[in-house]
Amino acid sequence: MADIIKLLPDHVANQIAAGEVVQRPASVVKELMENAIDAGAESIKLIIKDGGKTLIQVVDDGLGMSETDARLSFERHATSKISSAQDLFNLNTKGFRGEALASIAAIAHVDMQTRTASNDVGTHLKIEGSKIVSQEVVATPKGTSILVKNLFFNIPARRNFLKSNQVELRHITDEFHRVALVHPNIEFHFYNNGSEIFNLPKTKHRQRIAHIFGSRMETRLVPVNEETEVLKVSGFICKPEFAKKSRGEQFFFANNRYIKSPYLHHAVSAAFEGLIKSEMFPGYFLYLEVDPGSIDINIHPTKTEVKFDDENTLYAILRSTIKHSLGQFNVAPVLDFEHDPNLDTPYNYKEKGAVLPKVTVDSNFNPFQEVPKSKSSGGGTFQKQSTKGWENLYEGLEQEVDVEQFSSLVIESESDEQGTLYDSEQAEEHMASTFQLRRKYVVSTVKSGMLVIHQKRAHERILFEKFLKEITVKEGVSQQLLFPLELSFNKQELGILNDISESLTNIGFAFESLEHETVKVTGVPLLVPESGIGTVLDRLIADYREGYGDGSISQAEMLAEVLSRNLAVKTGEVLDQESQMALVNNLFACKEPTLSPSQKITYTIISEGDIDKKFS
Ligand code: ADP
Ligand code: MG
């Protein structure tokens with residue numbers, strides 16, 4: 001048989017390697033920014049267009065490259081950072097494999113200008129799909145500028161695989177955060193489609209975090225510091241009350257690199273145990289320093305998971321360090337999980353001291369209309385926070401649904417015995433006979449037996465349909481705040497708020513403007529208590545960030561779901577008779593009463609037969 005083994009041509013090998021290094025535009029951003037840092041840059045500019053699909057440019061003021069180095073840098077395994085395998089154990093650069101530029105050049109159009117301090121003129125190099133198209137002398141500032149255009153131009157399958165610009169931008173932003181957070185001593189600028197989205201001056205860690213995540217972050221941080229023989233930890237944790245529903249702000253850096261470590265994450269969570277609810281995530285920015293020899297070098301270029309030699313010890317140190325910080329800064333309050341979150345002072349109010357009561361004007365107020373008794377009356381009303389958040393949440397519904405929908409249920413049951421849930425005879429009986437079981441279920445009787453409703457899920461279904469309707473038909477009722485509430489958001493959060501602003505407006509939110517970090521909220525949906533506005537928006541943003549973008553559900557559904565989940569009555573809350581009734585009636589007025597928005601069963605009927613069997 002003839003010989004059949006061939007060496008792959010370089011450009012093919014590079015393309016294959018590129019598949020590993022460059023998964024999406026964000027990977028290019030990461031590699032280029034890391035190179036700039038390795039080159040000792042003090043200022044780094046990132047410019048992208050269309051989620052990085054058409055353009056990614058990184059400009060630095062670092063060492064630059066000579067004419068020969070510039071050309072060599074695009075060869076595979078060309079690196080100035082290590083020369084022997086031993087060097088791997090004392091790495092203090094981010095790159096070392098010499099593969100990034102070769103990989104990027106294999107699958108994009110690359111344009112590089114670079115100059116070292118000792119040269120008067122620089123080099124301008126153009127490469128397309130691994131081929132050098134031109135190399136010229138150029139007048140350029142010291143440092144390097146690399147432009148990467150038309151990513152995956154020669155691999156259409158990969159290009160088609162990319163997500164929307166918005167999603168790719170989010171990945172890029174995540175990479176940008178990870179790099180910028182460990183290098184507060186470097187200035188960063190980030191432009192997206194011509195507008196500057198980050199301008200980060202040289203500063204310290206704490207301020208860098210605040211510059212990235214919004215100034216409100218600064219007051220939320222608690223410092224962490226510990227130095228032992230095996231581990232030095234510094235950084236910050238967020239106070240427990242600012243734990244979020246998403247993993248958003250959780251950062252570990254080991255020896256100045258962003259890493260993922262589920263094990264160490266667990267150590268942090270363990271320190272927060274008892275301080276935050278189990279479904280919440282604590283925020284943290286932790287910078288670990290360990291002996292470089294004790295980390296399993298992440299040989300894989302894009303890998304962020306690392307393995308430490310003595311993980312158990314690190315775990316213990318980390319956990320106790322964080323516990324200590326939480327204790328030292330007195331941020332370990334006694335938490336009562338049964339307490340009503342509506343009684344909490346939201347963070348925006350903390351610093352403000354006592355304020356005059358807010359006055360809101362009910363634009364729908366009609367002095368001749370009978371008002372439900374729990375509702376405050378009068379044109380300008382004194383809005384007292386209900387101690388029972390749930391009643392508060394329900395007000396809008398009672399008003400809206402009670403009259404029409406409940407009565408239609410009764411009428412139906414009178415006219416059509418077969419098709420309804422309740423006996424006409426029992427309709428009345430049922431009105432007076434609901435009760436709550438273990439603060440979790442609402443029990444009532446129906447024609448065929450005993451009706452058991454899961455209060456939380458049922459309320460979610462009710463609110464979901466209400467919000468969905470409001471978003472789509474734009475009929476949400478807004479309660480205007482006489483004194484707008486100021487909330488601050490970071491750039492990324494603002495971006496998301498802008499994305500969903502139309503739907504938010506439809507359900508009753510009103511914003512003065514969504515351009516600056518400080519957002520003035522001038523109106524909120526009836527069901528949202530004023531004290532909960534910040535939390536609701538935070539959660540919306542977090543859930544939206546996580547769940548939306550894969551296109552599986554519509555924005556309206558997503559919003560309605562998040563709102564309903566956050567505003568629905570919880571398990572453990574006591575419902576008075578009136579509220580139990582409202583729950584039953586409003587649930588069966590829903591289009592799809594059987595399932596909660598997350599597709600879980602909302603009620604069950606235990607038939608008379610089943611009960612009989614128990615007595616047989
Ligand atoms: P690595 O970073 O693993 O060494 P790269 O392919 O990313 O490999 O880069 C190859 C080489 O090109 C680097 O080792 C460095 O010498 C040089 N280089 C890349 N980017 C820059 C830059 N922005 N400034 C100066 N030199 C650079
Ligand atoms: Mg590199």
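For segment 138-206, please list each of the strands (runs of 3 or more DSSP E) lying entirely inside it that holds at least 1 residues being aliphatic (A, V, I, L, M). Spell out how you get there, then give the answer.
On the way: elements: 143-149, 187-192, 195-200.
Here the list reads 143-149, 195-200.
Pairs linking a residue in segment 192-204 that is at positive phi to a residue that is not charged (D, E, K, R), with Cβ atoms under 8 Å and 6 or more positions apart or on different chains, are ASN193/ILE48.
For (1) in the same structural domain as ILE533 (by TED's automatic domain parsing); (2) in contact with a helix residue (DSSP H, G or I) (Cβ under 9 Å, 6 or more places away or on another chain); (3) modelled with pLDDT under 90, each residue gets a yes or a no:
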| site | (1), (2), (3) |
| --- | --- |
| HIS430 | no, yes, yes |
| THR434 | no, yes, yes |
| GLU460 | yes, yes, no |
| SER478 | yes, yes, yes |
| LEU482 | yes, no, yes |
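Can you name every residue in segment 96-112 that is within 12 Å of ligand 2 (Cβ to nearest atom) and either surrounded by fewer than 20 Cβ atoms within 10 Å (Cβ to Cβ) or assigned to a helix (DSSP H, G or I) (or both)? Once the filter is applied, which keeps residues that are within 12 Å of ligand 2 (Cβ to nearest atom) and either surrounded by fewer than 20 Cβ atoms within 10 Å (Cβ to Cβ) or assigned to a helix (DSSP H, G or I) (or both), segment 96-112 yields PHE96, ARG97, GLY98, ALA100, LEU101, ALA102, SER103, ILE104. Among the numbered conditions (1) open to solvent by less than 60 Å² (accessible area, probe 1.4 Å); (2) more than 20 Å from ILE47 (Cβ to Cβ); (3) without any contact (Cβ under 8 Å) to a residue 60 or more places away in the chain; (4) not aliphatic (A, V, I, L, M), the only one that ASN154 does not meet is (3).
Does segment 71-103 hold any residues that are touching a residue at least 40 places away in the same chain (Cβ under 8 Å), more than 8 Å from ligand 1 (Cβ to nearest atom) and under 28 Å from ASN150 (Cβ atoms), and which are they? Let's see the steps before the verdict.
In the first step, residues of segment 71-103 are kept if they are touching a residue at least 40 places away in the same chain (Cβ under 8 Å); the result is 71, 74, 76, 81, 88-95, 97, 99-103.
Still in the list and also more than 8 Å from ligand 1 (Cβ to nearest atom): 71, 76, 88-92.
ARG71, ARG76 - these are the residues of segment 71-103 that are touching a residue at least 40 places away in the same chain (Cβ under 8 Å), more than 8 Å from ligand 1 (Cβ to nearest atom) and under 28 Å from ASN150 (Cβ atoms).
Annotation: ARG457 fulfils all but one of (1) closer than 25 Å to GLN580 by Cα; (2) open to solvent by less than 20 Å² (accessible area, probe 1.4 Å); (3) within 24 Å of the chain's Cα centre (by Cα); the unmet one is (2). Within segment 59-72, identify whether any single residue is more than 16 Å from ligand 2 (Cβ to nearest atom), aliphatic (A, V, I, L, M), modelled with pLDDT under 95 and open to solvent by 20 Å² or more (accessible area, probe 1.4 Å), and answer yes or no. No.
Flag not set for LEU463, criterion: open to solvent by less than 40 Å² (accessible area, probe 1.4 Å), closer than 18 Å to GLY523 by Cα and either of a type in the set (Lys, Arg) or outside any strand (DSSP E or B) (or both).
The values are calculated or read from the model by the stated rules, or taken from the named source; none is laboratory data. Values in this document were obtained by computation on a predicted structure and should not be read as measured data. We place every Cβ from the backbone using ideal geometry, glycine too, and count neighbours over all the protein chains shown. These accessible areas exclude ligands, DNA and RNA; they are computed on the full protein's heavy atoms, side chains included. Shrake-Rupley method; radii C 1.70, N 1.55, O 1.52, S 1.80 Å.
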